[in-house]
1. If only one of K179, K132 is open to solvent by 50 Å² or more (accessible area, probe 1.4 Å), of a type in the set (K, R), out of contact with any Gly (no Cβ under 9 Å at 6 or more places or on another chain) and closer than 20 Å to F21 by Cα, which one is it?
2. Only residues that are within 15 Å of I111 (Cβ to Cβ) and open to solvent by 80 Å² or more (accessible area, probe 1.4 Å): list them for region 30-45, please.
3. List every residue pair whose Cβ atoms lie under 6 Å apart, where the two residues are 6 or more positions apart in sequence or sit on different chains, the first residue falls within region 134-163 and is under 17 Å from F113 (Cβ atoms), and the second residue, located anywhere, is at pLDDT below 85 and part of a loop (DSSP other than H, G, I, E, B).
4. Conditions: (1) free of Cβ contacts under 8 Å to residues at least 12 places away in the same chain; (2) among the charged types (D, E, K, R); (3) part of a helix (DSSP H, G or I). K116 meets all but one. Number of the miss?
5. Here are some conditions: (1) open to solvent by 60 Å² or more (accessible area, probe 1.4 Å); (2) on the phi < 0 side of the Ramachandran plot; (3) free of Cβ contacts under 8 Å to residues at least 40 places away in the same chain. R74 meets all but one. Which one does it not meet?
6. Which of the numbered conditions does L96 fail, given that it passes all the others? Conditions: (1) out of contact with any helix residue (DSSP H, G or I) (no Cβ under 8 Å at 6 or more places or on another chain); (2) assigned to a helix (DSSP H, G or I); (3) under 20 Å from N143 (Cα atoms); (4) of a type outside the set (K, R).
7. K151: over 22 Å from G5 (Cβ atoms), of a type outside the set (G, A, S), under 19 Å from the mean Cα position of the chain (by Cα) and surrounded by 13 or more Cβ atoms within 10 Å (Cβ to Cβ), yes or no?
Amino acid sequence: MILVGLTGIIGSGKTFALGFFKSRRTTIFSADEEVKKILEKKSIKEKIYKLFPESFSKKKLNKNILASIVFGDRKKLRKLEKIIHPLVKKKKKTFLNRNRNKKVIIMEIPIIFEQKSKKNYNYIIVMNVSRKIQYKRVMKRKNMTPELLKKILSNQISDKKIKYADFVINNNGPKNKTKQALRKTLDKIMEFLN
């Protein structure tokens, strides 16, 4: 089995790339999607409420307020990660066990380098985008602010991701160009199986 880590900073096109790989019938795992599911669990919301009650409005978790709180304070971010990361790791392990007979698995893990887990993957694909395009994309997200984006970026490694990547996908141009680059990358990875 070839395990491929897919990463990149916020707004770089990881979700787009994952959609492409899925359309090519490649087995995929999305840590971001798992986090969204975890944040919907009542038991998790209760733990978050105990730590960050100000992130709730009318008994509902406001993810943007939570993000603003934790990305502005590394100690608070670590506390939230202690709740969420073990559950994501468990989901990842279960997923890999269930799919161990697959030839190639793409794992979308935004913080591969931040967690120093590059060694767990045979190859790393980094989605790369200019700051200008990234800003335009991310500002279209619901309730995103320039301040929140700045806080999120301060907790993400950007330059190192490109430096240590096996494949860098430039996602500044039209979608068909990005798809073409993703197709070439997947073909190259498939060649390694032979």
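The values are calculated or read from the model by the stated rules, or taken from the named source; none is laboratory data. Not measured: the values here are computed from a predicted model. Positions of Cβ are backbone-derived with ideal geometry, glycine not excepted, and every protein chain shown enters the neighbour counts. In case anyone asks, the SASA skips ligands and DNA or RNA and just uses the protein heavy atoms, side chains included. Shrake-Rupley method; radii C 1.70, N 1.55, O 1.52, S 1.80 Å.
1. Working: K132 fails: closer than 20 Å to F21 by Cα.
Residue meeting the stated conditions: K179.
2. E33
3. Correct list of pairs: I157/F113; I157/E114; K160/F113; K161/F113.
4. The one condition K116 does not meet is (3).
5. (3)
6. (3)
7. Values: over 22 Å from G5 (Cβ atoms): yes; of a type outside the set (G, A, S): yes; under 19 Å from the mean Cα position of the chain (by Cα): yes; surrounded by 13 or more Cβ atoms within 10 Å (Cβ to Cβ): yes.
Yes, satisfied.
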